[in-house]
Every structure is written in C-alpha cells, then in structure tokens.
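**Student:** Got a structure for you, questions after.
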Amino acid sequence: MDRQFAFGGFRFDARTGELRGDRKQAKLTPRAAAVLTMLAERPEKLVFKQELFEQVWGGLAVSDDALTSCIHELRQALGDDARAPRYIETRHRRGYRLMEPVTVVSEGAGLPGRAIAPPPQSSSLVGQVADVGALDAAHTGHRHGWSLPLPDRPSIAVLPFVNMSGDPDQEHFADGITEDLITGLSRIRWLFVIARNSTFQYKGKYPDIRVVGRELGIRYVLEGSVRHQGKRLRASAQLVDAETGGHHWAEKYDRKLDDIFAVQDEITRSVAGAIEPRLLAAEGLRALARSTADLDAWEQVARAQAYFWRMTLADHQAATGILERAVEAHPDYAPARSLLGFRMVFATHMGWVDREHGLTAGHQHAIRAIALDDRDPWGHIALGYWAMMERRTEESIAAFRRAVGLNPNSAAAHGYLGHIFAFAGQDGEAIEHGEEAIRLSPLDPEMAFFLGGIAVAHFAADRFVEAVRYTTEALRLRPGFQGAQRLRCASLAQAGRISEARAYLPTVQRDQPQLSIDWIRASVPFQTQQLMERFLEGMHKAGLTGD
C-alpha cells in the first residue's frame, strides 16, 4: 500500500523513503524512513526509544548510537536544528516526538486524505467511580475534561510497565513489577501513591505524562518497560515530573532469568529504593523556590532536606532552623519531629553541637515523633542513632531494624543499621547493609554516609587500607564529613602511613577545633572498649595529644 504523509511543508513517502519539500529533497535510508514513519503515525506524541528499537531493528541488540544516527539523518533532511527543533523534539532518555500535525495524503488508490489526530487518552477514575456510566466512559477513552487538584503531599502514579518482548505470556511479569512497585512506594509514609485501579487504563499506551498528571492529580509519574529475550531480561524505569515533563531519574537493569521471582523482587526493591531520595531532592528544590511564609509543614521538611545531606555546619544550622520552625508551627507533625530529632543526634556525632544538648533534644523529638506516628521510619532511625551514641547497642539495632521493617526499600534505614553493626565490630552485617543501601539507591545524596559505615566496618576488622579507601571516597563526595575525616586520619596511621596521617591531622582539627581525646571517648560511638582503644591509638599515632 502506498502511504504518504504531509507535515510542515514536506511530503514523505513511507514506501520509497522519499522526503520532498519546497527546497529540499532526500532519499532516506530504510531505517531512517522507518523511524520517520513511526513518528508520523503518532504526530505530536512521544514515541519511546524502546518502541523504535523493537519495530525498526526487530529486537536486535544495537546501541543508542544507531537510533541517534537515524535522527541526525532526519534532521539533516528536514533542515532541523537539534538545539531549537521545529520538527523533531528529543525527550532525553525517553524518545522522540514529531512536533508538526500530520495529514495522510494518500492511502491506496483513490482514498481521500485525512488528518491524523493524537491518540485519545483514557479518563482517570481517581478513587471511587461514581456510577457505571463513568466506568464505561473510562473504558471507551472518553475524556472527562477536568483536572484534579494536587494532594497536600508529594504524589506519584506508577503506570503499567510495558511488555516489549512481543510475547503475551510475559505480560504477567510487567504487571508484577508494576504491582510490586506500587506496594513498595506505598510504604513511604509521606508519599501519596495512586492505586492500581486508577492507572490500568494506560496499559499498553504511551500517554502524555503531563496529561496523566492533570487527569490523576499527581506530581510525579514512574513509567518503564521490560524486555525478555531467552535467558536475559532488561527492565528500564524513569521518574518524570508530571507538571514539566522533566526527568528526575532513570535506570536500566539487565539480569539473568535464573529465578524470575527473585529477579522481579530485586528490580522492584532497587527502583523503589532509588525513588525515595530522588523525590525528596526534587521536593526540596521545589520548596526552596518559595518563601518561608508560604510553606506548609511538608514543604518545610522538604526544604530542610535540601540542606540535610551536605554535611557542613552551615547547612546543618540552616536545616535545623527550618525544622525547628516547622515543629513550632506544627507540633504534631511527625516527619518534622523525626527529622529534627535525627538532625540533633547527627550533629552531636559530627561535633557541631554540645553533646548533652544535642542528645537530649534529639531523643525528645524522636520519642514524640514515634508517639505521633510509630510507622514513620525516620522516627525509629532518630531513636536508633540516639541509642548508638549512648552505646545502647541492642536498643540501637532494634530501632534501626524496626525502620527497615517499616520500609525494606529504604536505603537510609539499611545504611544506618549498617552503622551500628560497624561501630559494634560486626563487620559482616555492617558491610551487607551498607552495600544493600548502595544497591537500593546508587545515586543517593547520603552516599558518603553509606561509604562511611563500610569504612568503619573495615577499621573494626583491622582492614585499615580499605578503611582509608572508603573514607577517601566519602570525603570526595562530602569534604565536610567530619566523622570520615577523623576515621581517615586514624586509618592512615594504623595502616603505617604515619607521615600522611600527621599531615592530615591539622585539616581535621581546623574543621573541628574542639577535637580531643576526651571528646572522642564521649562522642565517637564505638560500642566496645577494644574498638575505642584501637581508634585512639590511631589518633595518637597521627599526633593528637592531651585531653
């Protein structure tokens, strides 16, 4: 069948690959022609890269460069500019969109031309369906025409993952990942997650994310795809801002299918674990753009999070000030209490506040947060950190385990559980949880702290060279991380690199002028006397003297 498309002053013959304009004429290569045909069949709509690879290359394993080359060929033929496109828009890591409306000018002999309209979008039910007629309208794609308001906390919809395998029998795997992600994200107490029943109508479709946001009344969309070939599986996932269409996070997962359920669990845990810090960071940046007077309780917490992980005294003071104002204005808001409690205890460990004041205030806020909401993991994390600083080892382990139990996909909960094991000398468990935190969230803002816990574990096991390596990487990410500074100094000395340790000690003392043997005994939370003496020995070798 002869099929020709007209758009933006061009006519494209999909059969021959000829593209003609007023001043331009080109014969496209077969694959470039196939790409343009797919774009023209869905004008003004995003066509995902996975679709293009599947249809144009028939599932062959090719690099992104192959598709990029086709897009470059099309832009040259159209006279398009990638920096300010008129015809083909690039959606980073997602796909491409033909920006012009399209008319089919010939579809076989004697057939009239017709305009191609963008595919209809399904209506969102969002919660309970008012009546059977509303349900029928949703299933037939009838648009309800309204936009729902955003809820009073961050909100997300997980769209049904797309099965790219071409095998209907693999549909259950894509559905299983979708269901597990909704369950995992629902464990994040501060996050509003749209129920599966409100997103099923998008199954098998590639809707405009901003339309989804308006229809469901949500701020973020998580979407992805799975492709199963032989004994290999590839899954991809993207976190997209539903208001702007911008990307916050994207990742691919390649796994062997030895145990399909184990693979499904691993992917869903990793995605859910990575999403939480990305959402916190996005909400923090969003809150920073608004005035303090306009911020509600959640946004004040999100704003504090923007300073939370930078690990400097100035950022600590900024975060603490915001959280204190949030607690004063909203005394019964558990997230503000729990994060302020954690912040005070952490500041004590870093040496930024007086020990007695920091631990007392931190403990009070943690207890109050748990009383307000005992399912808030951060309340238990704050309590666990307080118990670790007080060397109540079993209490600390129990509190951190409770946080992990409440949200098994929380990288932070695993990271802090790893810390108490490390300071207690249980290096195997410490490294296991530290590495789990990194697997769950490999780009986490708290990465320096995860690495720091693994460094403590190596120090406790007399692997001082490894401790130096991990503290060096932690400090590359967060130069103001004083706990890592102290540990690096002691590890260098215990590794026999005395001159390096002595040269580094003034840097540690500059950032922490009150550093002394007595301060270390009181505030560095090694849980056994043996480990404390090993650490003090390293600091003595580095040149720290006196009380």
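The values are calculated or read from the model by the stated rules, or taken from the named source; none is laboratory data. Just so we're clear, the structure is a prediction, and the values are computed from it rather than from any experiment. When we count neighbours, we look across all protein chains shown, and the Cβ atoms used for this are built from the backbone with ideal geometry, even at glycine.
**Student:** Determine whether segment 263-271 contains at least one residue that is modelled with pLDDT of 75 or more and under 27 Å from ARG476 (Cα atoms).
**Tutor:** The answer is yes, given that some residue of segment 263-271 is modelled with pLDDT of 75 or more and under 27 Å from ARG476 (Cα atoms).
**Student:** Which residue pairs have Cβ atoms under 9 Å apart, sit 6 or more places apart or on different chains, and have a first residue in segment 339-368 that is among the hydroxyl-bearing types (Ser, Thr, Tyr) and a second that is surrounded by fewer than 24 Cβ atoms within 10 Å (Cβ to Cβ) and not in a helix (DSSP H, G or I)?
**Tutor:** Within 9 Å, the pairs are THR348/ASP354.
**Student:** Starting from segment 289-318, take each residue that is closer than 18 Å to TRP378 by Cα and list its partners that are among the basic types (Lys, Arg) and at pLDDT below 75, counting only C-beta distances under 8 angstrom and pairs at least six apart or across chains.
**Tutor:** TRP298/ARG153; GLU299/ARG286; GLU299/ARG290; ALA302/ARG286
**Student:** Of the numbered conditions (1) surrounded by fewer than 23 Cβ atoms within 10 Å (Cβ to Cβ); (2) among the hydrophobic types (A, V, I, L, M, F, W, C); (3) closer than 24 Å to ASP444 by Cα, ILE177 fails exactly one; give the number of that condition.
**Tutor:** Of the numbered conditions (1) surrounded by fewer than 23 Cβ atoms within 10 Å (Cβ to Cβ); (2) among the hydrophobic types (A, V, I, L, M, F, W, C); (3) closer than 24 Å to ASP444 by Cα, the odd one out for ILE177 is (1).
**Student:** Across segment 494-525, which residue is modelled with the lowest pLDDT among those that are under 20 Å from GLY546 (Cβ atoms) and either β-branched (Val, Ile, Thr) or under 32 Å from the mean Cα position of the chain (by Cα) (or both)?
**Tutor:** Selected residue: ASP511.
**Student:** Before we move on, is SER491 at pLDDT below 95 and under 29 Å from LEU359 (Cα atoms)?
**Tutor:** Against the criterion (at pLDDT below 95 and under 29 Å from LEU359 (Cα atoms)), SER491 does not qualify.
**Student:** Need the failing condition index for ILE454 against (1) over 21 Å from THR348 (Cα atoms); (2) touching a Phe, Trp or Tyr at 6+ places or on another chain (Cβ under 7 Å); (3) surrounded by 24 or more Cβ atoms within 10 Å (Cβ to Cβ), just the number.
**Tutor:** (1)
**Student:** May I ask you to verify whether PHE421 is surrounded by 20 or more Cβ atoms within 10 Å (Cβ to Cβ), touching a residue at least 24 places away in the same chain (Cβ under 8 Å), closer than 19 Å to PHE526 by Cα and touching a Lys or Arg at 6+ places or on another chain (Cβ under 8 Å)?
**Tutor:** When the stated conditions are applied, PHE421 does not pass them.
**Student:** Considering (1) under 37 Å from the mean Cα position of the chain (by Cα); (2) under 26 Å from ARG391 (Cβ atoms); (3) charged (D, E, K, R); (4) buried (at least 18 other Cβ atoms within 10 Å of the Cβ), say which one ASP462 fails and leave the rest.
**Tutor:** Failing condition for ASP462: (4).
**Student:** Suppose the filter is touching a residue at least 12 places away in the same chain (Cβ under 8 Å) and either within 16 Å of TYR416 (Cβ to Cβ) or of a type in the set (A, V, I, L, M) (or both); does ALA371 pass it?
**Tutor:** no
**Student:** Looking at segment 297-316 only, could you name the residues that are within 18 Å of the chain's Cα centre (by Cα), part of a helix (DSSP H, G or I) and farther than 21 Å from PRO331 by Cα?
**Tutor:** ALA306, TYR307
**Student:** Determine which single condition CYS70 fails, assuming it passes every other condition in (1) part of a loop (DSSP other than H, G, I, E, B); (2) within 26 Å of LYS252 (Cα to Cα); (3) not hydroxyl-bearing (Ser, Thr, Tyr).
**Tutor:** (1)
**Student:** Additional query: Could you tell me which residue of segment 1-35 is surrounded by the most Cβ atoms within 10 Å (Cβ to Cβ), considering only residues that are outside any strand (DSSP E or B) and of a type in the set (Asp, Glu)?
**Tutor:** ASP2
**Student:** Now for a different question. Give the residue that is surrounded by the most Cβ atoms within 10 Å (Cβ to Cβ), with candidates limited to residues of segment 325-362 that are within 25 Å of the chain's Cα centre (by Cα) and hydroxyl-bearing (Ser, Thr, Tyr).
**Tutor:** SER338
**Student:** On the given criteria, is THR178 at pLDDT 70 or above, within 17 Å of LYS45 (Cβ to Cβ) and either outside any loop (DSSP other than H, G, I, E, B) or touching a helix residue (DSSP H, G or I) at 6+ places or on another chain (Cβ under 6 Å) (or both)?
**Tutor:** When the stated conditions are applied, THR178 does not pass them.
**Student:** Could you check segment 439-476 and list, in sequence order, the residues that are in contact (Cβ under 8 Å) with a residue 24 or more places away in the chain and of a type in the set (Val, Ile, Thr)?
**Tutor:** ILE454, VAL456, VAL465, VAL468
**Student:** Moving to a separate point now. In segment 79-88, which residue that is under 17 Å from ALA32 (Cβ atoms) and under 29 Å from the mean Cα position of the chain (by Cα) is modelled with the highest pLDDT?
**Tutor:** Only one residue tops the list, namely ILE88.
**Student:** Follow-up. Do we have ARG278 as under 30 Å from SER165 (Cβ atoms) and either in a helix (DSSP H, G or I) or at pLDDT below 75 (or both) here?
**Tutor:** It is true that ARG278 is under 30 Å from SER165 (Cβ atoms) and either in a helix (DSSP H, G or I) or at pLDDT below 75 (or both).
**Student:** Name the single residue that is surrounded by the most Cβ atoms within 10 Å (Cβ to Cβ) among those in segment 222-271 being in contact with a helix residue (DSSP H, G or I) (Cβ under 7 Å, 6 or more places away or on another chain) and in a loop (DSSP other than H, G, I, E, B).
**Tutor:** Residue satisfying both the conditions and the ranking: ALA242.
**Student:** Can you find a residue that is under 24 Å from ALA461 (Cα atoms), buried (at least 20 other Cβ atoms within 10 Å of the Cβ) and not β-branched (Val, Ile, Thr) anywhere in segment 363-375?
**Tutor:** no
**Student:** If a residue counts only when it is within 24 Å of ILE397 (Cα to Cα), which helices (runs of 4 or more DSSP H) contained entirely in segment 460-547 have at least 1 such residues?
**Tutor:** The qualifying helices (runs of 4 or more DSSP H) are 464-477, 482-494, 517-523, 529-542.
**Student:** Specify the residue that is surrounded by the fewest Cβ atoms within 10 Å (Cβ to Cβ); the eligible residues are those in segment 77-106 that are of a type outside the set (Lys, Arg) and free of Cβ contacts under 8 Å to residues at least 40 places away in the same chain.
**Tutor:** If we take residues in segment 77-106 being of a type outside the set (Lys, Arg) and free of Cβ contacts under 8 Å to residues at least 40 places away in the same chain, then ALA84 is surrounded by the fewest Cβ atoms within 10 Å (Cβ to Cβ).
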